[in-house]
Amino acid sequence: MKKTIALILISLFFIGCSTSNDGNGNSTTTAIPVTPSNLVGNVVTNSKIKLSWTDNSTNETGFKIERKTGAGNYTVIATVNADIISYSDLGLTPNTTYTYRVYSYNTTGNSPTYSNEVTLTTTLTSITDIDGNTYQLTTISNQTFTTKNLEVTHYRNGDIIPQVTDATTWNNLTTGAWCYYQFQTAIGPVYGKCYNWYAVTDPRGLAPEGFHIPSNNEWDYLSNCLGYTTAGKKLKEAGNAHWPFVSGISATNSSGFTALPMEPQASFVQFWSTSTYTSPSNYTSGYYFGLSGGNDACFISNTVSFGLNSAAYVRCIMD
């Protein structure tokens, strides 16, 4: 009886192990890897989910990610190498529920169980930047925009974007920075922060992951979808809490974009484009997307005075 029990225990030990040769004639035993844990995910865009997990093993060959849609069956959608603890699932269908799980594997076999499951739906209504600021979203035609001006003080990689508080320093910048419009700190909580072109186009990333700053083509597409001559009234905040009253002009904000003026009761607003213009004399200036309190239209413009160190607001568009 004792011999039987001993044989069973030995058999159970070797179920999770395999024996191989180390090349010097010595046999080695490899155990199956430990199950990964703490699987979490977040919806980056309406077509992208990012997953991450904890690697509890030291001998895995890699990880396999499984996914199912709704109540369907799991299938392996990706394999990543050892020590990789994140995966981005791209090309997903908007407004769809996906469930994920992960397991580790090596030449001996798979981890004894799966990680925890995580279920996510590709319906994004808001995003959060690296500083913890939250932005609601609005979809206009097939473009999705943030509905308030950017407020971030760090690039996406965590590097600080310096604040500038005087015009002399600002006008001589050749690197990224932010300021409050006309250096009015008091308007910041409502109107957000202004940035220069260098910050807008910095490769470290100004917009939250999954978003970017619009180009001229993207601003033009927005204008065309709403109708060039009436797009302005559909993009501006309704009422006169922030925009000045102009007889015959009545903003509706039917798009949900909720554009505010540059400052309280200002007659215009400028949002950065990532496009630039170089004049015949080799002077480079920025483009901006503008709205006026005095009419219902919108426009994309560049002027000699709108240089790369100009201050303008930023709206983000989904990738």
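Rule-based calculations on the coordinates, nothing more; no lab input. Quantities reported herein were computed from a predicted structural model and do not represent experimental measurements. For neighbour counting, all protein chains shown are included, and Cβ atoms are generated from backbone atoms with ideal geometry for every residue, glycine included.
Odds and ends about this structure:
- Our compactness index for the stretch 47-179, the C-alpha radius of gyration over the empirical 2.2 N^0.38 Å, is 1.46.
- On Cα atoms only, tilt of 216-226 relative to the major axis of the chain in degrees: 70
- Value of D in µm² per second that Stokes-Einstein yields for the stretch 37-121, Kirkwood Rh from Cα pairs, at 4 °C (1.567 mPa s): 99
- Burial ordering of Arg204, Arg67, Arg315, fewest other beta-carbon atoms within 10 Å first: Arg204, Arg67, Arg315
- Full-extension gain in nm, Gln182 to Asn240, via 0.36 nm per residue minus C-alpha separation: 18.7 nm
- Put in order of Cβ neighbour count within 10 Å, fewest first, the listed residues Cys225, Cys179, Cys194 become Cys225, Cys179, Cys194.
- Here each label is just a point 7 Å from Cα along the line to Cβ, and for Tyr74 and Ile160 those points are 4.6 nm apart.
- Across the chain, the mean sequence separation of Cα contacts (distance under 8 Å, 6 or more residues apart), normalised by length, yields a relative contact order of 14 percent.
- FRET E, pair Val190, Tyr277, Förster distance 45 Å, beta-carbon r, rounded to 0.05: 0.90
- Cα centroid separation, the stretch 153-207 to the stretch 75-130 (Å): 36
- Violating pairs (Cα-Cα greater than 18 angstrom) within the set Lys148/Lys233; Lys193/Lys234; Lys48/Lys148; Lys50/Lys148; Lys48/Lys193: Lys193/Lys234; Lys48/Lys148; Lys50/Lys148; Lys48/Lys193
- Choice from Ala71, Ala199, Ala251 with maximal GNM fluctuation in the chain (Cα, 10 Å cutoff): Ala71
- Its alpha carbons considered, the chain gives a radius of gyration followed by a Dmax of 27.2, 100 Å.
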